[in-house]
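Q: Submitted below is the structure of interest, expressed as structure tokens.
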Amino acid sequence: MASEITHSGASQEPGSASEITKRRPGARPTRLPVAYDTVLDEYAAALEHAPLSAETRRTYRSRVRMFLAWLADHAATYTTDPLAHPQARDWAVRDYRMWLLRDGPARRSRVYVNSALTAPDDFHTRRGMGKADIAREDLPRNAPRALEERARIRWLRAVEAHLSPVAGASR
């Protein structure tokens, strides 16, 4: 299976199963510093042996690439390496979550952010560090109610009265 990670601009076979063929025309993977590119290569190799669907592996690679690109831009913020120290990892993932929600070029929904953080969790777990100890965004448990309880009961009774035979009518 072809990888999304290309070296020296090598082109993909038309119709290959790589992530590149699923992007819009002209889109390129986010560039990473060499050290982070090596880390992503190692993660992609570990994913190949994981019991995940091809689409999940592609999504995780892509989202970890995005996380690493963000980390490369913000590495100076951390006094210890977030890829090697659990506390720095937690701070970095927490900061990344807030960047996705508020500060990034495209603010993301809480549902997207929770989903996007599964990839860095998998990434850190496969590196032996475990999941980041951060809270996820609270999501509503139920759809909002359209009618208050009394109005709902009145509506249901009106429907029932309309559908039931007229009282006193002969059958």
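Q: VAL39: buried (at least 17 other Cβ atoms within 10 Å of the Cβ) and either more than 18 Å from ILE134 (Cβ to Cβ) or at pLDDT 80 or above (or both), yes or no? Before you say what the answer is, go through the steps one by one.
A: Details: buried (at least 17 other Cβ atoms within 10 Å of the Cβ): yes; either more than 18 Å from ILE134 (Cβ to Cβ) or at pLDDT 80 or above (or both): yes.
Yes; evaluated as a whole, the condition is true for this residue.
Q: Kindly indicate whether any position in segment 140-158 is modelled with pLDDT of 85 or more, among the charged types (D, E, K, R) and touching a helix residue (DSSP H, G or I) at 6+ places or on another chain (Cβ under 8 Å).
A: Checked against the condition, which is being modelled with pLDDT of 85 or more, among the charged types (D, E, K, R) and touching a helix residue (DSSP H, G or I) at 6+ places or on another chain (Cβ under 8 Å), segment 140-158 yields no hits at all.
Q: Further question on the same structure: List pairs: first residue in segment 43-55 and small (Gly, Ala, Ser), second residue outside any helix (DSSP H, G or I) anywhere in the structure, Cβ distance under 8 angstrom, at least six positions apart or on different chains.
A: ALA44/SER3; ALA44/GLU4; ALA44/ILE5; ALA54/MET1; ALA54/ALA17
Conditions tested, residue by residue: (1) modelled with pLDDT of 85 or more; (2) of a type in the set (D, E, K, R); (3) more than 27 Å from ASN114 (Cβ to Cβ).
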| residue | (1), (2), (3) |
| --- | --- |
| HIS7 | no, no, yes |
| GLU19 | no, yes, no |
| HIS49 | yes, no, no |
| MET66 | yes, no, no |
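Q: Tally up the residues in segment 105-136 that are over 12 Å from the mean Cα position of the chain (by Cα) and either touching a residue at least 24 places away in the same chain (Cβ under 8 Å) or surrounded by 15 or more Cβ atoms within 10 Å (Cβ to Cβ) (or both), please. Quick ask: steps written out before the conclusion?
A: Of the residues in segment 105-136, the ones over 12 Å from the mean Cα position of the chain (by Cα) are 105-107, 123-135.
Narrowing further to those that are either touching a residue at least 24 places away in the same chain (Cβ under 8 Å) or surrounded by 15 or more Cβ atoms within 10 Å (Cβ to Cβ) (or both): 123-124, 126-127, 129-134.
Residues that pass the stated criteria total 10.
The values are calculated or read from the model by the stated rules, or taken from the named source; none is laboratory data. If you're wondering where the values come from, they're calculated on a predicted model, not measured in any experiment. Note: ideal-geometry Cβ built from the backbone for every residue, glycine included; neighbour counts use all protein chains shown.
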